[in-house]
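One structure is given here, and the rest of the page talks about it.
The values are calculated or read from the model by the stated rules, or taken from the named source; none is laboratory data. What you see is a predicted model, and the numbers here were worked out from it, not measured in a lab. Quick reminder, even Gly has a Cβ in these numbers, built from the backbone with ideal geometry, and neighbours come from all protein chains shown.
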Amino acid sequence: MRIPPGYVSIVGAGPGDPELITVRGRDRLANADVVIYDDLAGSALLAYCRAECQRIHVGKRCGRSTWTQDRITDLLLMHVGRGRRVVRLKGGDPFVFGRGGEELNALVRAGVPCEIVPGVTAATAAGAVAGVPLTHRGIASAVVFVTGHECAGKTDETIDWAAYARLRATLCVYMGTRNLASIAEKIAEGGLSKDTPVALVSRASWPDQRIRFFTLGELSAGFSGEADTPALAIIGEVARIPAEAAELAMATAVAV
C-alpha cells in the first residue's frame, strides 16, 4: 500500500526490541514525514526513519508530561492538515492500554484518512521472555488483560479484582507496579490461593529486562518495586511452568 500525503498511521512499536516491530510498521516509519512517538516506543526504531523526517517526542511517564492527550491530538491534526505523512508511534499495541482508540476517533471525526498498524503487546512479550505461556492446555484456557493503574480523575475503583480471581484465568496486569501489593491482596481475598505463582517482568525484550518470580502471598505481604519502571505481572498457574521446565531439564541432564 502506497501511503498518500495527509495520512496518519497509528503504529504499534512492540515491546521495545526494534526487531519486534512489524514489517508494515517499519515501512511506515521509513516513509514518514513526521513521527510522533512515546517513551515506550523505543527510540532505536527512529533509525528506520529518513534523515529529513521530523521526530517529536510526546512521552508520558507516571503522569509527568506537558503533553496532554488533547495536545497530542491537536499535533496530529496540525501535521496531517499540512499534507504530511504522519506516524503516531506507540509502545506495544495501540489498542491495548495505548489510547489508540481515542486518537483514531479524533482523526475519523476530523475526516482524516488513517490506519492502525498492530504491534506485539506487553503481555505476550513478557510471557515469551519469561518462558510463561499465557494459555496452556489443562492449566489455563483464558487470559485477561487488566490495568493496575486506572486513569486519573476516577473517584471509584471500577476493577473487581475478586471477580477476576474467581475466573481462574491467567491475569496479565499492566501498569500495576505501584499498586501491586494491594492488587495481590484483593485477588487473594477473592479466593485465589496465596500460593499462586506470579511472574513479574520489567522492560520485556529490552537489554536490561528483568524477570522475577513470586507467590501471590509474597506480593500481598508487601512489595516495594521500582515504581517508575514499566513492568507486567502474570498471575496464574502458568507462571509455574518455567521452574518445572528447569527441573525437568536438570533431571534429564543428570540422567544422561
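Values for this structure:
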| read-out | value |
| --- | --- |
| Matching residues, the range 30-43, being within 17 Å of Gly100 (Cα to Cα) and either over 16 Å from the mean Cα position of the chain (by Cα) or not assigned by TED's automatic domain parsing to the domain that holds Ile56 (or both) | Val35, Ile36 |
| Members of the range 114-147 that are part of a loop (DSSP other than H, G, I, E, B) and surrounded by 14 or more Cβ atoms within 10 Å (Cβ to Cβ) | Pro118, Gly119, Val120, Thr121, Gly131, Val132, Pro133, Leu134, Thr135, Ile139 |
| One residue from Leu200, Leu180, Leu192 being part of a loop (DSSP other than H, G, I, E, B) and surrounded by 14 or more Cβ atoms within 10 Å (Cβ to Cβ) | Leu192 |
| So Val173, is it buried (at least 21 other Cβ atoms within 10 Å of the Cβ), part of a loop (DSSP other than H, G, I, E, B) and either touching a residue at least 12 places away in the same chain (Cβ under 8 Å) or not assigned by TED's automatic domain parsing to the domain that holds Ala41 (or both) | no |
